[in-house]
1. Quick test for you: out of ALA303, ALA336, ALA327, pick the one residue that is within 37 Å of the chain's Cα centre (by Cα), at pLDDT 85 or above, loosely packed, with under 14 Cβ neighbours inside 10 Å and hydrophobic (A, V, I, L, M, F, W, C).
2. If we keep just the residues of region 232-286 that are within 30 Å of the chain's Cα centre (by Cα) and among the charged types (D, E, K, R), which is surrounded by the fewest Cβ atoms within 10 Å (Cβ to Cβ)?
3. Picking from ASP347, ASP314, ASP282, which residue would you name as being among the acidic types (Asp, Glu) and modelled with pLDDT under 85?
4. Taking interchain pairs and intrachain pairs at least six residues apart, which have beta carbon atoms under 8 angstrom, with the first residue in region 153-176 and on the phi > 0 side of the Ramachandran plot and the second hydroxyl-bearing (Ser, Thr, Tyr) and assigned to a loop (DSSP other than H, G, I, E, B)?
5. Applying the selection to region 70-86, what residues are within 32 Å of the chain's Cα centre (by Cα) and hydrophobic (A, V, I, L, M, F, W, C)?
6. Which of (1) over 30 Å from LEU55 (Cα atoms); (2) buried (at least 20 other Cβ atoms within 10 Å of the Cβ) does CYS117 not meet, given it meets every other one?
7. Looking at region 354-377, which of the residues that are without any contact (Cβ under 8 Å) to a residue 24 or more places away in the chain and assigned to a helix (DSSP H, G or I) is farthest from PRO145 (Cα to Cα)?
8. Would you say GLY381 is surrounded by 14 or more Cβ atoms within 10 Å (Cβ to Cβ), on the phi > 0 side of the Ramachandran plot and not hydrophobic (A, V, I, L, M, F, W, C)?
Amino acid sequence: MFIDQAEIHVQSGKGGDGMVHFHREKYVPRGGPDGGDGGRGGDVILEVRPTLNTLAAFRHTIRYVAEDGKGGGTNNKFGKSAENLVIPVPPGTVIYDAHTGDLIGDLTAPDQRLVVCKGGRGGRGNTHFKNSINQAPRTAEKGEPGGEKRLRLELKLIADIGIVGVPNAGKSTLLSVLTNAKPKIAPYPFTTLEPNLGVANVDEETTVVLADIPGLIEGASHGAGLGHDFLRHVQRTRVLIHILDGLSADPLADFSQINTELALFDPNLAKKPQIVALNKIDQPEVQERWPEIQKELKKRGYAAMKISALARTDVHELLLKAAGKLAETPPLEETALPMPVYRPAEDSRQFTIKREGAHEWRLSGAGIERAAAMTPWDQDGSVRRFQKLMEHLGVDEALRKAGVKEGDTVYIGEYELEWQE
(Lines give C-alpha, C1' and ligand atoms only; values in the text may rest on other atoms or scores of the structure.)
Protein backbone atom coordinates (compact mmCIF):
# COMPACT_ATOMS: atom_id res chain seq x y z
CA MET A 1 0.00 0.00 0.00
CA PHE A 2 1.32 3.46 -0.91
CA ILE A 3 1.57 5.75 2.12
CA ASP A 4 2.77 9.31 1.55
CA GLN A 5 1.97 11.03 4.85
CA ALA A 6 2.86 10.14 8.44
CA GLU A 7 3.31 11.67 11.89
CA ILE A 8 5.95 10.36 14.28
CA HIS A 9 7.22 11.23 17.75
CA VAL A 10 11.00 11.31 18.14
CA GLN A 11 13.03 11.60 21.34
CA SER A 12 16.79 11.87 21.59
CA GLY A 13 18.78 10.26 24.37
CA LYS A 14 19.64 11.84 27.72
CA GLY A 15 23.29 12.43 28.52
CA GLY A 16 24.93 10.21 31.12
CA ASP A 17 25.39 11.58 34.64
CA GLY A 18 28.76 12.86 35.80
CA MET A 19 30.26 11.11 38.84
CA VAL A 20 31.32 12.32 42.27
CA HIS A 21 34.35 10.23 43.26
CA PHE A 22 37.72 10.65 44.93
CA HIS A 23 40.88 8.80 44.01
CA ARG A 24 41.58 5.78 46.18
CA GLU A 25 45.01 4.19 45.96
CA LYS A 26 47.40 2.70 48.46
CA TYR A 27 50.09 5.14 49.57
CA VAL A 28 48.26 8.02 47.79
CA PRO A 29 46.41 9.91 50.53
CA ARG A 30 43.96 12.59 49.50
CA GLY A 31 44.08 11.56 45.86
CA GLY A 32 41.62 14.26 44.87
CA PRO A 33 38.48 14.21 42.73
CA ASP A 34 38.46 11.85 39.74
CA GLY A 35 34.78 11.51 38.84
CA GLY A 36 34.36 11.03 35.08
CA ASP A 37 31.96 12.73 32.67
CA GLY A 38 28.82 11.07 31.37
CA GLY A 39 28.48 9.99 27.75
CA ARG A 40 26.46 11.82 25.12
CA GLY A 41 22.87 10.76 24.45
CA GLY A 42 22.00 9.42 21.01
CA ASP A 43 20.79 11.72 18.22
CA VAL A 44 17.70 10.94 16.16
CA ILE A 45 18.65 11.08 12.48
CA LEU A 46 16.58 10.68 9.30
CA GLU A 47 18.53 9.08 6.44
CA VAL A 48 17.50 8.66 2.80
CA ARG A 49 17.33 5.08 1.55
CA PRO A 50 16.98 4.96 -2.25
CA THR A 51 15.30 1.53 -2.08
CA LEU A 52 12.27 2.95 -0.23
CA ASN A 53 9.35 4.57 -2.04
CA THR A 54 6.67 4.84 0.65
CA LEU A 55 6.20 5.87 4.29
CA ALA A 56 4.35 2.64 5.08
CA ALA A 57 6.81 1.68 7.87
CA PHE A 58 5.50 4.58 9.96
CA ARG A 59 2.00 3.10 10.07
CA HIS A 60 3.15 0.52 12.61
CA THR A 61 5.88 2.40 14.50
CA ILE A 62 5.25 6.04 15.36
CA ARG A 63 7.49 6.52 18.40
CA TYR A 64 11.28 6.51 18.09
CA VAL A 65 13.47 6.90 21.19
CA ALA A 66 17.28 7.01 21.09
CA GLU A 67 19.37 5.47 23.86
CA ASP A 68 20.74 7.41 26.84
CA GLY A 69 24.44 7.93 27.44
CA LYS A 70 26.16 5.99 30.22
CA GLY A 71 27.29 7.58 33.48
CA GLY A 72 30.88 8.58 34.14
CA GLY A 73 33.23 6.29 36.09
CA THR A 74 36.11 6.45 38.50
CA ASN A 75 39.65 7.51 37.54
CA ASN A 76 38.22 10.15 35.15
CA LYS A 77 36.67 7.50 32.92
CA PHE A 78 34.15 8.85 30.45
CA GLY A 79 30.78 7.17 30.19
CA LYS A 80 30.00 5.50 26.87
CA SER A 81 28.12 7.65 24.38
CA ALA A 82 24.93 6.17 22.99
CA GLU A 83 24.53 5.06 19.39
CA ASN A 84 22.55 7.41 17.18
CA LEU A 85 19.08 6.26 16.16
CA VAL A 86 18.94 6.31 12.35
CA ILE A 87 15.45 6.22 10.78
CA PRO A 88 15.37 5.35 7.05
CA VAL A 89 13.07 7.41 4.81
CA PRO A 90 12.50 7.39 1.04
CA PRO A 91 13.96 10.10 -1.22
CA GLY A 92 11.57 13.01 -1.56
CA THR A 93 10.61 13.13 2.13
CA VAL A 94 9.78 16.58 3.47
CA ILE A 95 9.88 17.04 7.26
CA TYR A 96 7.74 19.54 9.17
CA ASP A 97 7.31 20.34 12.85
CA ALA A 98 3.83 18.93 13.51
CA HIS A 99 3.02 21.59 16.13
CA THR A 100 4.28 24.75 14.44
CA GLY A 101 4.15 23.71 10.78
CA ASP A 102 7.73 24.94 10.25
CA LEU A 103 9.73 23.25 7.50
CA ILE A 104 12.65 21.38 9.09
CA GLY A 105 14.21 19.68 6.08
CA ASP A 106 13.81 18.33 2.56
CA LEU A 107 15.60 15.04 1.87
CA THR A 108 16.18 14.13 -1.77
CA ALA A 109 19.70 12.73 -2.28
CA PRO A 110 20.69 9.09 -1.52
CA ASP A 111 22.25 8.67 1.95
CA GLN A 112 21.44 12.29 2.83
CA ARG A 113 21.07 12.76 6.60
CA LEU A 114 19.20 15.20 8.83
CA VAL A 115 19.55 15.40 12.62
CA VAL A 116 16.00 16.11 13.81
CA CYS A 117 16.63 15.73 17.54
CA LYS A 118 20.06 16.16 19.14
CA GLY A 119 21.07 14.03 22.11
CA GLY A 120 21.86 15.61 25.47
CA ARG A 121 25.46 16.18 26.47
CA GLY A 122 26.94 14.17 29.29
CA GLY A 123 27.09 15.68 32.77
CA ARG A 124 30.48 16.76 34.12
CA GLY A 125 32.14 14.82 36.90
CA ASN A 126 33.40 16.46 40.11
CA THR A 127 36.93 16.79 38.73
CA HIS A 128 35.67 19.81 36.73
CA PHE A 129 34.64 21.69 39.87
CA LYS A 130 37.99 21.55 41.67
CA ASN A 131 39.70 24.87 42.35
CA SER A 132 42.17 26.36 44.77
CA ILE A 133 39.46 27.07 47.32
CA ASN A 134 37.38 23.91 46.94
CA GLN A 135 39.85 21.08 46.41
CA ALA A 136 37.40 18.29 47.28
CA PRO A 137 34.17 19.22 45.45
CA ARG A 138 31.17 17.02 46.02
CA THR A 139 29.52 18.48 42.97
CA ALA A 140 28.67 16.91 39.63
CA GLU A 141 26.12 17.33 36.86
CA LYS A 142 23.38 15.05 35.72
CA GLY A 143 23.20 14.46 31.99
CA GLU A 144 21.40 16.98 29.80
CA PRO A 145 17.87 15.85 28.93
CA GLY A 146 17.23 14.77 25.36
CA GLY A 147 14.86 16.63 23.07
CA GLU A 148 11.39 15.63 21.87
CA LYS A 149 9.57 16.53 18.68
CA ARG A 150 6.42 15.63 16.84
CA LEU A 151 7.23 15.43 13.13
CA ARG A 152 4.97 15.38 10.09
CA LEU A 153 6.48 13.57 7.12
CA GLU A 154 5.26 14.09 3.57
CA LEU A 155 6.54 12.16 0.58
CA LYS A 156 6.78 13.88 -2.78
CA LEU A 157 7.62 11.39 -5.49
CA ILE A 158 10.84 12.17 -7.32
CA ALA A 159 10.23 11.48 -10.98
CA ASP A 160 11.64 13.05 -14.13
CA ILE A 161 8.32 13.16 -15.96
CA GLY A 162 4.82 13.36 -14.50
CA ILE A 163 1.75 12.19 -16.42
CA VAL A 164 -1.30 14.34 -15.64
CA GLY A 165 -4.83 14.56 -16.93
CA VAL A 166 -8.46 14.08 -15.98
CA PRO A 167 -9.65 10.74 -14.60
CA ASN A 168 -9.89 8.00 -17.25
CA ALA A 169 -7.72 9.89 -19.77
CA GLY A 170 -5.42 6.87 -20.16
CA LYS A 171 -2.48 7.85 -17.95
CA SER A 172 -2.08 4.44 -16.30
CA THR A 173 -2.31 2.68 -19.66
CA LEU A 174 0.40 4.93 -21.07
CA LEU A 175 2.64 4.25 -18.04
CA SER A 176 2.20 0.48 -18.42
CA VAL A 177 3.07 0.68 -22.13
CA LEU A 178 6.17 2.85 -21.66
CA THR A 179 7.53 1.10 -18.55
CA ASN A 180 7.37 -2.17 -16.67
CA ALA A 181 4.91 -0.72 -14.14
CA LYS A 182 1.67 -2.61 -13.61
CA PRO A 183 -0.89 -0.08 -12.41
CA LYS A 184 -4.56 -0.94 -11.97
CA ILE A 185 -6.42 -0.06 -15.17
CA ALA A 186 -10.20 0.07 -15.72
CA PRO A 187 -12.63 2.25 -17.72
CA TYR A 188 -14.02 4.29 -14.82
CA PRO A 189 -12.89 7.44 -12.98
CA PHE A 190 -10.42 7.24 -10.09
CA THR A 191 -9.05 3.81 -10.97
CA THR A 192 -5.69 5.16 -9.79
CA LEU A 193 -5.97 5.87 -6.08
CA GLU A 194 -2.22 6.17 -5.57
CA PRO A 195 0.70 7.37 -7.72
CA ASN A 196 2.61 4.80 -9.74
CA LEU A 197 6.26 4.95 -10.77
CA GLY A 198 7.92 3.32 -13.74
CA VAL A 199 11.27 3.43 -15.53
CA ALA A 200 11.27 3.86 -19.31
CA ASN A 201 14.17 3.15 -21.64
CA VAL A 202 14.55 6.02 -24.10
CA ASP A 203 17.55 4.36 -25.76
CA GLU A 204 20.36 1.99 -24.79
CA GLU A 205 22.00 4.59 -22.55
CA THR A 206 19.12 6.75 -21.33
CA THR A 207 16.35 5.96 -18.87
CA VAL A 208 13.75 8.26 -17.33
CA VAL A 209 11.44 7.84 -14.35
CA LEU A 210 7.76 8.49 -15.01
CA ALA A 211 5.00 9.03 -12.45
CA ASP A 212 1.34 8.46 -13.17
CA ILE A 213 -0.40 11.12 -11.05
CA PRO A 214 -4.02 10.21 -10.17
CA GLY A 215 -6.69 12.05 -12.11
CA LEU A 216 -7.43 15.62 -11.10
CA ILE A 217 -10.91 17.11 -11.01
CA GLU A 218 -12.22 20.63 -10.66
CA GLY A 219 -11.50 21.93 -7.17
CA ALA A 220 -8.50 19.62 -6.65
CA SER A 221 -6.34 22.57 -5.55
CA HIS A 222 -8.78 23.10 -2.67
CA GLY A 223 -8.78 19.42 -1.72
CA ALA A 224 -11.68 18.11 -3.83
CA GLY A 225 -11.44 14.53 -5.02
CA LEU A 226 -7.88 13.31 -4.50
CA GLY A 227 -6.79 16.96 -4.38
CA HIS A 228 -3.88 17.88 -2.11
CA ASP A 229 -2.98 14.23 -1.50
CA PHE A 230 -1.52 13.97 -4.99
CA LEU A 231 -1.00 17.46 -6.40
CA ARG A 232 2.18 17.76 -4.32
CA HIS A 233 3.71 14.82 -6.23
CA VAL A 234 3.67 16.95 -9.39
CA GLN A 235 5.99 19.44 -7.68
CA ARG A 236 8.97 17.07 -7.92
CA THR A 237 8.68 16.38 -11.64
CA ARG A 238 10.61 18.44 -14.17
CA VAL A 239 8.45 17.84 -17.27
CA LEU A 240 4.74 17.03 -17.59
CA ILE A 241 3.01 14.84 -20.16
CA HIS A 242 -0.54 16.17 -20.30
CA ILE A 243 -2.90 13.47 -21.59
CA LEU A 244 -6.23 14.58 -23.06
CA ASP A 245 -9.12 12.15 -23.20
CA GLY A 246 -10.14 12.08 -26.86
CA LEU A 247 -13.59 10.74 -25.95
CA SER A 248 -14.26 13.47 -23.38
CA ALA A 249 -17.14 15.85 -24.01
CA ASP A 250 -14.69 18.77 -24.23
CA PRO A 251 -10.95 17.88 -24.16
CA LEU A 252 -9.95 21.53 -24.40
CA ALA A 253 -12.01 22.42 -21.34
CA ASP A 254 -10.36 19.52 -19.51
CA PHE A 255 -6.96 20.88 -20.52
CA SER A 256 -7.76 24.34 -19.15
CA GLN A 257 -9.22 22.95 -15.95
CA ILE A 258 -6.18 20.80 -15.15
CA ASN A 259 -3.78 23.68 -15.77
CA THR A 260 -5.89 25.96 -13.58
CA GLU A 261 -5.81 23.46 -10.71
CA LEU A 262 -2.04 23.11 -11.05
CA ALA A 263 -1.53 26.88 -10.98
CA LEU A 264 -3.87 27.36 -8.01
CA PHE A 265 -2.03 24.73 -5.98
CA ASP A 266 1.46 26.04 -6.80
CA PRO A 267 2.14 28.82 -9.36
CA ASN A 268 5.44 27.13 -10.26
CA LEU A 269 3.55 24.09 -11.58
CA ALA A 270 2.05 26.18 -14.37
CA LYS A 271 5.58 27.03 -15.53
CA LYS A 272 6.70 23.42 -15.98
CA PRO A 273 7.25 22.33 -19.62
CA GLN A 274 4.28 20.33 -20.94
CA ILE A 275 4.02 17.82 -23.75
CA VAL A 276 0.34 17.64 -24.76
CA ALA A 277 -1.03 14.43 -26.29
CA LEU A 278 -4.59 13.59 -27.38
CA ASN A 279 -5.21 9.96 -26.45
CA LYS A 280 -7.50 7.31 -28.03
CA ILE A 281 -6.77 8.41 -31.60
CA ASP A 282 -7.59 4.85 -32.68
CA GLN A 283 -11.27 5.76 -32.28
CA PRO A 284 -12.93 7.25 -35.43
CA GLU A 285 -14.73 10.05 -33.54
CA VAL A 286 -11.42 11.14 -32.00
CA GLN A 287 -9.77 11.23 -35.43
CA GLU A 288 -12.55 13.53 -36.66
CA ARG A 289 -12.11 16.09 -33.86
CA TRP A 290 -8.27 15.99 -33.90
CA PRO A 291 -7.70 18.80 -36.50
CA GLU A 292 -9.85 21.25 -34.54
CA ILE A 293 -8.20 20.38 -31.21
CA GLN A 294 -4.73 20.58 -32.72
CA LYS A 295 -5.48 24.02 -34.21
CA GLU A 296 -6.78 25.40 -30.90
CA LEU A 297 -3.84 24.05 -28.91
CA LYS A 298 -1.43 25.58 -31.42
CA LYS A 299 -3.09 28.97 -30.81
CA ARG A 300 -2.35 28.49 -27.10
CA GLY A 301 1.30 27.76 -27.83
CA TYR A 302 1.30 23.94 -27.60
CA ALA A 303 2.45 21.63 -30.40
CA ALA A 304 0.17 18.71 -29.54
CA MET A 305 0.58 15.05 -30.54
CA LYS A 306 -2.00 12.36 -31.15
CA ILE A 307 -1.51 8.91 -29.62
CA SER A 308 -3.29 5.74 -28.65
CA ALA A 309 -1.90 4.28 -25.44
CA LEU A 310 -4.02 1.14 -25.84
CA ALA A 311 -2.97 0.55 -29.46
CA ARG A 312 0.58 1.84 -28.73
CA THR A 313 0.32 4.34 -31.56
CA ASP A 314 3.11 6.97 -31.45
CA VAL A 315 3.76 6.37 -27.72
CA HIS A 316 7.51 5.98 -28.24
CA GLU A 317 7.59 9.25 -30.20
CA LEU A 318 5.84 10.87 -27.22
CA LEU A 319 8.51 9.47 -24.90
CA LEU A 320 11.31 10.77 -27.14
CA LYS A 321 9.77 14.22 -27.24
CA ALA A 322 9.39 14.28 -23.43
CA ALA A 323 12.96 13.07 -22.96
CA GLY A 324 14.20 15.81 -25.28
CA LYS A 325 12.32 18.43 -23.28
CA LEU A 326 13.73 16.90 -20.09
CA ALA A 327 17.28 17.32 -21.38
CA GLU A 328 16.60 21.06 -21.81
CA THR A 329 15.15 21.47 -18.31
CA PRO A 330 17.34 22.39 -15.29
CA PRO A 331 17.90 19.63 -12.74
CA LEU A 332 15.69 19.57 -9.67
CA GLU A 333 18.44 21.05 -7.48
CA GLU A 334 18.48 24.20 -9.59
CA THR A 335 14.75 24.77 -9.54
CA ALA A 336 13.08 26.93 -6.92
CA LEU A 337 12.12 24.70 -4.00
CA PRO A 338 10.88 25.95 -0.64
CA MET A 339 13.77 26.37 1.77
CA PRO A 340 13.73 25.65 5.49
CA VAL A 341 13.00 28.56 7.80
CA TYR A 342 15.62 28.72 10.52
CA ARG A 343 14.89 30.65 13.69
CA PRO A 344 17.49 31.62 16.29
CA ALA A 345 17.56 29.35 19.32
CA GLU A 346 15.84 30.62 22.43
CA ASP A 347 18.17 32.68 24.67
CA SER A 348 19.15 30.38 27.52
CA ARG A 349 19.28 33.39 29.89
CA GLN A 350 15.65 34.35 29.42
CA PHE A 351 12.99 33.23 31.88
CA THR A 352 9.39 33.99 32.86
CA ILE A 353 7.67 33.95 36.25
CA LYS A 354 3.99 33.09 36.60
CA ARG A 355 1.91 33.00 39.77
CA GLU A 356 -0.15 29.80 39.97
CA GLY A 357 -1.65 30.19 43.45
CA ALA A 358 -1.47 32.15 46.67
CA HIS A 359 1.86 30.54 47.52
CA GLU A 360 2.85 28.85 44.25
CA TRP A 361 5.01 30.11 41.38
CA ARG A 362 6.08 28.70 38.03
CA LEU A 363 9.57 29.56 36.75
CA SER A 364 9.99 28.81 33.02
CA GLY A 365 12.90 29.20 30.62
CA ALA A 366 15.03 26.90 28.48
CA GLY A 367 18.26 27.57 30.37
CA ILE A 368 16.92 27.47 33.92
CA GLU A 369 14.84 24.32 33.26
CA ARG A 370 17.83 22.57 31.70
CA ALA A 371 20.02 23.56 34.68
CA ALA A 372 17.42 22.18 37.13
CA ALA A 373 17.23 18.90 35.22
CA MET A 374 21.04 18.57 35.34
CA THR A 375 21.32 19.25 39.09
CA PRO A 376 21.68 16.28 41.48
CA TRP A 377 19.50 17.56 44.33
CA ASP A 378 20.97 15.08 46.81
CA GLN A 379 24.41 16.76 46.55
CA ASP A 380 24.80 19.90 48.69
CA GLY A 381 27.52 21.27 46.43
CA SER A 382 25.34 20.91 43.33
CA VAL A 383 22.42 22.64 45.08
CA ARG A 384 24.66 25.57 46.06
CA ARG A 385 25.88 25.79 42.49
CA PHE A 386 22.28 25.98 41.23
CA GLN A 387 21.53 28.74 43.74
CA LYS A 388 24.49 30.75 42.46
CA LEU A 389 23.22 30.29 38.90
CA MET A 390 19.81 31.63 39.95
CA GLU A 391 21.49 34.71 41.41
CA HIS A 392 23.68 35.17 38.31
CA LEU A 393 20.68 35.10 35.97
CA GLY A 394 18.74 37.53 38.17
CA VAL A 395 16.06 34.97 39.03
CA ASP A 396 16.26 35.63 42.79
CA GLU A 397 15.74 39.35 42.39
CA ALA A 398 12.92 38.86 39.87
CA LEU A 399 11.08 36.46 42.21
CA ARG A 400 11.35 38.89 45.10
CA LYS A 401 9.97 41.71 42.95
CA ALA A 402 7.11 39.45 41.88
CA GLY A 403 6.21 38.95 45.55
CA VAL A 404 7.56 35.54 46.54
CA LYS A 405 7.55 34.93 50.31
CA GLU A 406 9.37 32.61 52.70
CA GLY A 407 7.95 29.09 52.39
CA ASP A 408 6.36 29.60 48.95
CA THR A 409 6.67 26.79 46.41
CA VAL A 410 8.55 27.46 43.15
CA TYR A 411 8.10 24.95 40.29
CA ILE A 412 10.88 24.61 37.71
CA GLY A 413 9.99 22.01 35.09
CA GLU A 414 9.14 18.84 37.00
CA TYR A 415 10.93 20.01 40.15
CA GLU A 416 9.34 21.56 43.24
CA LEU A 417 11.46 23.88 45.42
CA GLU A 418 10.71 25.72 48.65
CA TRP A 419 11.72 29.38 48.72
CA GLN A 420 14.02 30.34 51.60
CA GLU A 421 15.73 33.64 52.25
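1. None of the others qualify; the one that does is ALA327.
2. LYS271
3. ASP347
4. Pairs found: ASN168/TYR188; ASN168/THR191.
5. Residues satisfying the conditions are ALA82, LEU85, VAL86.
6. Answer for CYS117: the failing condition is (1).
7. ALA366
8. Taking the combined requirement at face value, the residue does not satisfy it.
The values are calculated or read from the model by the stated rules, or taken from the named source; none is laboratory data. Being a predicted model, the structure only gives us computed values, none of them experimental. FYI the Cβ positions are ideal-geometry reconstructions off the backbone, even for glycines, and counts take in every protein chain you see.
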